[in-house]
1. I'd like to check which helices (runs of 4 or more DSSP H) are fully inside region A:585-664 and have at least 3 residues that are within 21 Å of A:THR408 (Cα to Cα) and among the charged types (D, E, K, R).
2. Hey, among B:ASP115, B:ASP97, which residue is in contact with a Phe, Trp or Tyr (Cβ under 9 Å, 6 or more places away or on another chain), at the interface with chain A (Cβ under 8 Å from one of its Cβ atoms) and open to solvent by less than 60 Å² (accessible area, probe 1.4 Å)?
3. Among the residues of region B:6-13, are any open to solvent by less than 80 Å² (accessible area, probe 1.4 Å) and under 20 Å from the mean Cα position of the chain (by Cα)?
4. Look at region A:346-399 and say how many of its residues are within 14 Å of chain B (Cβ to nearest Cβ) and at pLDDT 80 or above.
5. Is it true that some residue in region B:168-183 is over 30 Å from B:ALA18 (Cα atoms), free of Cβ contacts under 8 Å to residues at least 40 places away in the same chain and assigned to a helix (DSSP H, G or I)?
6. Being open to solvent by 20 Å² or more (accessible area, probe 1.4 Å), part of a helix (DSSP H, G or I), out of contact with any Pro (no Cβ under 7 Å at 6 or more places or on another chain) and among the aliphatic types (A, V, I, L, M) narrows it down to one residue among A:VAL138, A:VAL196; which is it?
7. From (1) open to solvent by 50 Å² or more (accessible area, probe 1.4 Å); (2) at pLDDT below 90; (3) under 27 Å from the mean Cα position of the chain (by Cα); (4) more than 7 Å from chain A (Cβ to nearest Cβ), pick out the condition that doesn't hold for B:LEU136.
8. Which residues, taken from region A:526-540, are at the interface with chain B (Cβ under 7 Å from one of its Cβ atoms) and more than 23 Å from B:GLY79 (Cβ to Cβ)?
Amino acid sequence: MSRAVSIWPASADPIGSTKSGLVAAGTAGPGWARGNSKIVNDVVGLIVGGLALGCVYALVATGVVLTYKTSAVFNLALGAQAFTAAAVMYSLRNNLGLPLILSFVVAVLIVGPLLGLGLYVTLFRRLRNVPEAVRLVVALGVLILLPAIVQALWFGKGGNRGSPPALVLEQDKVYAWGPVSIPADQLSTILFTILVVVGLVALFKYTNLGLQMRAVVESPRMVQLAGINADRVSMISWMLSGTIAALGGVLLAPLFLSITPSNYTILLVAAIAAAVFGRLTSLPLTLVGGLALGFLQQALSRYLPSDSVLAQGLRPSLPFVVLFLLLLFWPGLRDRREVTDPLAGVDPPASSIAGTVRASKDTSKVLPLTLGTVVIVALCLLLPGIWMYRITGAIVLSTIFLSFTVLTGMAGQISLCQAAFAGAGAYGAAQLANHFNVPIMVGLLVGGLVGLAVGMLISLPTLGLRGIYLTLATLAFTLMVDQIVFPLEQVGGGPAGLEVPRPYWSGFIDFSDDRAFFLLCVAALAVAALVVWLVRRGTTGRFLDAIRGSETGAASIGINPSRAKITAFALSALIAGVGGVLLSSWQQRTSAGDFGVGNSLLWALVVIILGARTIKGALAGGFLLVLFPELLKAAGIPNPEAWQGVVFGLGTFVFVRHPEGLVDAIGGWYQRHFGRPERTTEEVRRIVTIDLSEPEPPAGNGASSPQAPYTAGVGPLPDTAGAVAGTAGGGSYRYAQAGSGPPQPPSMPAPPSFGGT
Amino acid sequence: MPLLAAESISKHFGGIAALVGVDLNVEPGEFVGLVGPNGAGKTTLFNCLLGILKPNRGRVFFRGRDLSRMPMHARARLGLGRTFQRLEVFSGMTVRDHFLVADRSRRKKGGLFGDLVGQGTPTRREDARAEAVGELLGLTELLDVPVDSLSLGHARLVELGRAVLTEPKLLMLDEPSSGLDRVETMEMARVLQSVQAERGTAILLVEHDLEMVSLVTSRLYVLEFGEMLATGPTPQVLAHPVVRRAYVGDVA
């Protein structure tokens, strides 16, 4: 019975970590040379195929660089935009039978720019002055949202069969000039790319708009002062990047047997790798990077023996590996200061992603909280089996989500590899249980340690990476692990997955019963929550707060930022590892996609939107992610997985207004309307204002209370000044008189007059 | 042995010589100023002393140890405190938490295990130390206010208090008066004097405001065009015609 409920069928997760898609990409990789097989010149075919593939990468990479430069958004959503355009193109051409040109115009020239414009206007426009992390989460939300919408509305299962249309006059035609022969689709890809590059060069070099765009990159504020509408310039660049991404998506489509979001995740990561090669700023370098990656991938699929497991994993994952290595070793990315805008300071300071000030007295709630929990747990035991099973899943997931509370909430690192930590723990424990009969109770510990080891493994080389680069590194790491390591027979048990027993040790422990297992999971969650709570309010939590506030400042008082970050990674991975073991034990098996990139992204999105800083946020995330799809299913909605992605993706729109997290936002709203009045930030601000503007008591009164800031401060100064002037023979005073600037006001007497006002 | 000793520091950016063979010493407990017109190389020298820039020639010793290959947190642990010209406060934290964090960093706390056995909560002693520094800086009323809502002057004082709580042997201050008005500057001067007097901390002050420098420092270095123009007791140095000409362009 219990196995009937699987939350994430591998084919259904919204971003599509589906093996089928990636494997299809791998086997279809050489597909560019489809028409070439009969043609003699292998090398020419390789070059042309690599060139075409590289062109698509380069195109989307250009879009990445464009949006990053003009609006400081690292637009992960470009992959989703490319997917959407390809899906529209496919539907118009193959399903509705519209002419190719018309389909192209709609998909690339209408949908492409409109999507870019829509995203900018509704979301990213207001994000210029928020922390980079918030922008990243929003982009992540869109990356999940767009494909989910497309799949939920019309492009769901069975919607895309048959080969996607190529942008050619004649399908399968091969043009040949002497020894060089090029299949039509590759030729058109190359020609379109040349067209785009020439157009961009012309735009930037010779047009007024191009000049304005280059200026916006330097300083949007400065550009506004010069009377240019920076907003309009950004809008245009988003439309432009949207069009380019759409073009890339449409050109890439014929390569794949089907159009799935996961194929476009590969495209996105390849494009990111190319953009990182160009250090996110240089368009020429980005183009070179894209082309090189295309060649490399083409060569790899041609010359690597196709039967080895490593090769099968490596071929489609090459972009991930390249991105990871680039992030680690490409000079110029480490320790890079992001903002160079000379007017960056004029905007109000950004509100932090978890900017709530620590609640000072939360210990008073411990007793009612404990009692409440006990009552709820007891009530849960009365639930019918299937619901208790689901709630157990929610609790297990909440435990895993507490790992985000440590890493994202406390250390401020947006990690997209929490599922990899969980998976490492789960597979480690499961293999031990299956091969060495190690009881899963011990496995829990082992799983935690394996997770911890993987956490250290990823945190050590990425220590120098900040913000977005760390997130990208974790994304690349997840993709690599998901594609190369987890599918191995020795790790994830191959396609069949692994059987994972419930904790059972004959004669000692028996948690095989659902109720007993439920209680075990509750206990695990309670321990994890307690650890997180203690660490957050303890020294480690405060040090991490400090580092998040200012890493330089923290180092200046002797805090070792590297050590603190490694600690956070290790603790987070430990929790995730234990949670992963519980998760697989709950399902009593593992299957592909449980710990894949799709879940990594979805988990991060859900937890951060709900509140990465609080334990409540993790709990809400766990319950929402398990129970919401059940609700959808119960309501009879078709394709519930896609709709789930739509809803969570739409959560991004709320997140934009409440970066502190939905749970805290609702709590604050409730507090304002129904709760006891608390000292809000506004009130604190008001108190400070009064404190500063209040006239100081006369010096006579102030002298009796040494704390009074200004009176005490002003008192001794004239004396000292007099002493200095005396010993210097009036030197400093004469300086003031002789200064060539406007004569300094006799400032020594000034403070007393201020004190008297 | 001087507390801080910089020996013939040279630094050039491309063809431009920012510093040419500059020497600088700070004795324990001394209040030293470093002034110079804009572009004289004050900030470059400061960054070389702190190891943010690597000098092309010359070395920096602090308590007899070579600083050049030491990360910032290690230097802080050696007793080198500093504040920043552009604020580096911990946004989102209260003033009290700033002081607490600095205090714990000095006492080499920060182990995960300690937190798990419940040693994370601030003790009465820690609170007392934070309050003492708050009183010294005139921040008593603001201890529980988030640092983001403080004025620039108060935020600078928080940075100073944070550095003071690490009990440094030498405090290096980078233009602490920049952005402050007269009253706030004088308040800063008073606080610096009491830190030096009560805690025996040596202070190296890079400052634009000659008035503040003349108030608080006992010895002064003057940089001009990357070279050390003069050094000596503050009043004499400031009164010297050459210094005055260099600094204010005054020929009289």
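The values are calculated or read from the model by the stated rules, or taken from the named source; none is laboratory data. All figures in this text were calculated on a predicted structure; none of them were measured in a lab. Quick reminder, even Gly has a Cβ in these numbers, built from the backbone with ideal geometry, and neighbours come from all protein chains shown. To get the accessible areas, we keep the full protein, side chains included, count just its heavy atoms, and leave off ligands, DNA and RNA. Shrake-Rupley method; radii C 1.70, N 1.55, O 1.52, S 1.80 Å.
1. On the way: elements: A:597-611, A:615-634, A:640-657.
Of the helices (runs of 4 or more DSSP H) lying wholly inside region A:585-664, none has at least 3 residues that are within 21 Å of A:THR408 (Cα to Cα) and among the charged types (D, E, K, R).
2. Values: B:ASP115 fails: in contact with a Phe, Trp or Tyr (Cβ under 9 Å, 6 or more places away or on another chain).
The unique qualifying residue is B:ASP97.
3. Filtering region B:6-13 down to residues open to solvent by less than 80 Å² (accessible area, probe 1.4 Å) leaves B:6, B:8-11.
Now narrow it down to the ones that are under 20 Å from the mean Cα position of the chain (by Cα): B:6, B:9.
The answer is yes, given that some residue of region B:6-13 is open to solvent by less than 80 Å² (accessible area, probe 1.4 Å) and under 20 Å from the mean Cα position of the chain (by Cα).
4. Summing the residues that are within 14 Å of chain B (Cβ to nearest Cβ) and at pLDDT 80 or above in region A:346-399 gives 0.
5. Within region B:168-183, one or more residues are over 30 Å from B:ALA18 (Cα atoms), free of Cβ contacts under 8 Å to residues at least 40 places away in the same chain and assigned to a helix (DSSP H, G or I).
6. Details: A:VAL138 fails: open to solvent by 20 Å² or more (accessible area, probe 1.4 Å).
Checking each option against the conditions leaves just A:VAL196.
7. The failed condition is (1).
8. Quick first cut of region A:526-540, residues at the interface with chain B (Cβ under 7 Å from one of its Cβ atoms) only: A:531, A:534-535, A:537-540.
A:VAL531, A:LEU534, A:VAL535, A:ARG537, A:GLY538, A:THR540 - these are the residues of region A:526-540 that are at the interface with chain B (Cβ under 7 Å from one of its Cβ atoms) and more than 23 Å from B:GLY79 (Cβ to Cβ).
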